[in-house]
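Asks: One structure follows; several queries about it will come next.
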Amino acid sequence: MLLIKQSKLVSYDFTLYLASKLLLYFKFFERTHHFFDRYVEIGIESGLPVSVNGKKLSPPSLLAELNEIGGRHGIGRIDMVENRLVGMKSRGVYETPGGTILFAAARELEFLTLDRETIQVKDSLALKYAELVYAGRWFDPLRESMDAFMQKITETTTGSVTLKLYKGSVTVTSRTSPFSLYRQDISSFESGQIYDQADAAGFIRLYGLPMRVRAMLEQGL
């Protein structure tokens, strides 16, 4: 009986020892595996990506570079069911590391340089744009008109975005732009000379006025 208990104790201790060694190994692996390309900086000018880690590249070379870097970290892999143009559903497995990285970078820079209404309109048009391209209507006048709109509103989408790539995920770590609409002196909830929090009270009353009128009607006031 004592031997059995000792055996279980030794087995338990060995399991803890092995687990601790594996944990140290994985931590070391995480720190060293692809360390130099885990963080990638995308340079963007007027909405178009132009550089990777400060290196100017042509569009094909830039995408190929990001495909290589992102592929090593499992970026952009997706298994999805989609609707075909003819109406049937199909299942596809795709891998687009470069496209996924570029989308995350451009999107984050737009949040910094475009106002809310512009982003909402851009998002609504993006769905239609995707439908036109998917249907092979690249030379459609509507697509060309939408391109002109996108080109205009992204004139100020210039700057750089740094992303962390790790185990299939893309995380934004920093973003900067000379056309940034973010102002700490305005957006601070603690202090600020331009934004007075007392102004919010009147805004809330006006914004909620339609609901107050409806409530008064329902209550017979």
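Asks: Starting from the range 85-163, pick out the chymotrypsin sites (Phe, Trp or Tyr not before Pro) whose DSSP state is loop and whose Cβ has at most 12 other Cβ atoms within 10 Å.
Replies: Numbers: sites: Tyr94, Phe103, Phe111, Tyr129, Tyr134, Trp138, Phe139, Phe149; in loops: Trp138, Phe139.
Qualifying residues, ordered by number: Trp138, Phe139.
Asks: Turning to a different aspect of this structure: How many percent of the alpha carbon pairs in the range 125-167 exceed a separation of 12 Å?
Replies: On the way: 616 of 903 pairs.
Distances greater than 12 Å cover 68 percent of the Cα pairs.
Asks: Please identify every one of the trypsin sites (Lys or Arg not before Pro) in the range 109-209 that sits in a loop by DSSP and has no more than 16 other beta carbons within 10 Å of its own beta carbon.
Replies: Working: sites: Arg116, Lys122, Lys128, Arg137, Arg143, Lys152, Lys164, Lys167, Arg175, Arg183, Arg205; in loops: Arg137, Lys167, Arg183.
Counting only loop positions with at most 16 other Cβ atoms within 10 Å, the trypsin sites (Lys or Arg not before Pro) in the range 109-209 are Arg137, Lys167, Arg183.
Asks: Still on this model: With a ≥ b ≥ c the root eigenvalues of the C-alpha gyration tensor of the range 84-184, is it rounded (a/c under 1.5), prolate (a/b larger than b/c) or oblate?
Replies: Details: a/c = 2.63, a/b = 1.28, b/c = 2.05.
Cα axes put the range 84-184 in the oblate bin.
Asks: While we're here: With 31 Å as the limit, write out which pairs from Lys56/Lys122; Lys56/Lys152; Lys89/Lys152 have Cα-Cα distances beyond it, or answer none.
Replies: Lys89/Lys152
Asks: Lys and Arg at +1, Asp and Glu at -1: add these up for the other residues within a Cβ distance under 12 Å of Thr118 and post the number. Let's see the in-between values first.
Replies: On the way: positive: Arg116, Lys122, Lys152; negative: Glu110, Asp115, Glu117, Asp123, Glu155.
Charge balance near Thr118 sits at -2.
Only the coordinates and a few stated rules stand behind these numbers; no lab work does. Keep in mind the model is a prediction, meaning the values are calculated, not measured. Positions of Cβ are backbone-derived with ideal geometry, glycine not excepted, and every protein chain shown enters the neighbour counts.
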